[in-house]
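S.K.: Before anything else, here's the structure in question.
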Amino acid sequence: MMLNLEAIRNGVMQEYPYNWIFFDNLISQTQLIELRNSFPLIEIFPKREKPHHRPAIIVYDEAEEFADEHTKKILYYPSKSLSNIWQALVEELHSSAYRASIAKLTRLNLEQQLIRVSLSRLDPIVNGSHSDSEGITLTHLLYFGREDWKTEWGGCLQILLNEQLESIFQEIPPRNGMSIVIVRSENSWHNVSPVSSQEASQDRLTVIVRFYDRMTFLKLRANQ
């Protein structure tokens, strides 16, 4: 097992300004380096109009059967095409042991939740403060960027006190091994600061694990 599930199970969620937690000990340093060095190349990520952003690719999706045709054509990437260590990590991120560990951490019933695992490369489209879409129960972010990534370079997850971008409670740079779990609520405001420094010479590498409420997800799909 690559993930330190004991650390997840024994974690204590912060309750201010909402339920979230930061980890830096979920994967060994040796494995982190191998994961970062074998992160999928930029060429496999679909292009968008913005030159410094490519959308995430989905490598595992329990909701795949409900995905629309546009999503299937653009965003899916077979996990078997990943390196061996990435295949192993993706497998762990949708295992029953991982699900149970996240459930214990958050004190949520996640048995019927749909898990989606995506990989993201480069700086995100800056869409302002947001609390995540309806239907998302929680998000687990794992970063694989430079170990010396500085906050002033941008690309940091910002935990916000409210919807105002200036209300920064804490910033987490995307350094290799850093990880954040956010439980979605009406006030779970957060943002990602734009990458603004050329010193951030390596791409911002992120794994995004999302748990979706099954019933809400199906209702949203039915209304599309």
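The values are calculated or read from the model by the stated rules, or taken from the named source; none is laboratory data. Please read all numbers here as calculations on a predicted model, not as lab measurements. Methodologically, a virtual Cβ is constructed for each residue, glycine included, from the backbone with ideal geometry; neighbour enumeration extends over all protein chains shown. The protein model used for the area step is the full one, side chains on, heavy atoms only, and it has no ligands, DNA or RNA in it. Shrake-Rupley method; radii C 1.70, N 1.55, O 1.52, S 1.80 Å.
S.K.: Considering only residues of the range 86-108 that are open to solvent by 20 Å² or more (accessible area, probe 1.4 Å) and of a type in the set (A, V, I, L, M), which is farthest from Glu34 (Cα to Cα)?
M.R.: Leu108
S.K.: It is to be established whether one or more residues within the range 146-164 are modelled with pLDDT under 95, under 20 Å from Tyr16 (Cα atoms) and under 13 Å from the mean Cα position of the chain (by Cα).
M.R.: Yes, the range 146-164 contains a residue that is modelled with pLDDT under 95, under 20 Å from Tyr16 (Cα atoms) and under 13 Å from the mean Cα position of the chain (by Cα).
S.K.: Follow-up. Which pairs turn up if I take residues in the range 15-39 that are within 24 Å of Ile159 (Cα to Cα) and touching a residue at least 12 places away in the same chain (Cβ under 8 Å) and look for partners that are surrounded by 17 or more Cβ atoms within 10 Å (Cβ to Cβ) and not hydrophobic (A, V, I, L, M, F, W, C) with beta carbon separation below 6 Å, at least 6 apart in sequence or on another chain?
M.R.: Note: pairs meeting the criteria are Tyr18/Ser188; Ile21/Gly11; Phe23/Ser179; Asp24/Gly177; Leu26/Ser179.
S.K.: Another question, if that's okay. Among the numbered criteria (1) in contact with a Lys or Arg (Cβ under 8 Å, 6 or more places away or on another chain); (2) of a type outside the set (S, T, N, Q); (3) more than 26 Å from Asp61 (Cα to Cα), which one does Leu138 miss?
M.R.: (3)
S.K.: Let me ask something else about it. Pull up the range 75-106, narrow it to residues that are in a loop (DSSP other than H, G, I, E, B) and touching a residue at least 24 places away in the same chain (Cβ under 8 Å), then point me to the one that is nearest to the chain's Cα centre (by Cα).
M.R.: His94
S.K.: Looking only at strands (runs of 3 or more DSSP E) that lie completely in the range 116-184, which have at least 3 residues being touching a residue at least 12 places away in the same chain (Cβ under 8 Å), within 22 Å of Ala103 (Cβ to Cβ) and in contact with a strand residue (DSSP E or B) (Cβ under 6 Å, 6 or more places away or on another chain)?
M.R.: In the range 116-184, 136-143, 179-183 are the strands (runs of 3 or more DSSP E) which contain 3 or more residues that are touching a residue at least 12 places away in the same chain (Cβ under 8 Å), within 22 Å of Ala103 (Cβ to Cβ) and in contact with a strand residue (DSSP E or B) (Cβ under 6 Å, 6 or more places away or on another chain).
S.K.: Which one is modelled with the lowest pLDDT among residues in the range 29-79 that are aromatic (Phe, Trp, Tyr) and open to solvent by 50 Å² or more (accessible area, probe 1.4 Å)?
M.R.: In this case the residue turns out to be Phe66.
S.K.: Among Ile115, Ile168, Ile125, which is modelled with pLDDT of 85 or more and either under 22 Å from Pro40 (Cα atoms) or open to solvent by less than 30 Å² (accessible area, probe 1.4 Å) (or both)?
M.R.: Testing whether each residue is modelled with pLDDT of 85 or more and either under 22 Å from Pro40 (Cα atoms) or open to solvent by less than 30 Å² (accessible area, probe 1.4 Å) (or both) leaves just Ile115.
S.K.: Taking the range 1-21 only, how many residues are over 16 Å from Ala103 (Cα atoms) and among the hydrophobic types (A, V, I, L, M, F, W, C)?
M.R.: Residues in the range 1-21 being over 16 Å from Ala103 (Cα atoms) and among the hydrophobic types (A, V, I, L, M, F, W, C): 2 in total.
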